[in-house]
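Report on the structure given below.
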Amino acid sequence: MGARERVVSLAALREGEAARMDAACIRCGACFAACPMVPFSAAKDADPVGAVVGVLDLLAGGAGDEASRAWTAACTRTGSCNEACPAGVDPRLMLRLAKWRGSETGALPKRDARDAMARAKVFARLGMSEEEQARWL
Ligand code: SF4
């Protein structure tokens, strides 16, 4: 096999990982339930299984749903999801790849100043009382 034949595109690697994740995931929702960012995001009241199904849809090139998009946007890669996953899916990577795919398809906005502000608000909520959040955010 020549060097040229061994070249694999990043998109092909992502597709392979997406297929592996889709097959391995048992849709239990444990990753969503373990995520410390969810309570501070617009996905806080969402059904865990529905949010995971939405992320897998984003990963496959679909539009996902509101909860999956909010969860994906709020991810800060803590890795709590990976510790909770019983199936070795690597949900931290799943969210990262879903974000990448979603920004390509237009399901998620490309990173810009508005995205940065939403992230800043999520971080700010971590250290603020409910009264401070109501006053400042
Ligand atoms: S914890 Fe793992 S198996 Fe369960 S929904 Fe999340 S990625 Fe899928």
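The figures follow:
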| item | result |
| --- | --- |
| Output for segment 86-137, where each listed residue is under 20 Å from Glu66 (Cβ atoms), of a type in the set (Val, Ile, Thr) and modelled with pLDDT of 80 or more | Thr105 |
| Spans of helices (runs of 4 or more DSSP H) in segment 1-109 with at least 3 residues of a type outside the set (Gly, Ala, Ser) and within 13 Å of the ligand (Cβ to nearest atom) | 10-24, 48-59, 80-84, 91-105 |
| Residue tally, condition within 19 Å of Phe123 (Cβ to Cβ) and crowded, with 17+ Cβ neighbours inside 10 Å, over segment 35-74 | 12 |
| Unique residue being more than 24 Å from Ala11 (Cβ to Cβ) and touching a residue at least 24 places away in the same chain (Cβ under 8 Å) when the list is Ala98, Ala70, Ala51 | Ala70 |
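The values are calculated or read from the model by the stated rules, or taken from the named source; none is laboratory data. Please read all numbers here as calculations on a predicted model, not as lab measurements. As a convention, Cβ positions derive from the backbone with ideal geometry for all residues, glycine included, and neighbour counts pool all protein chains shown.
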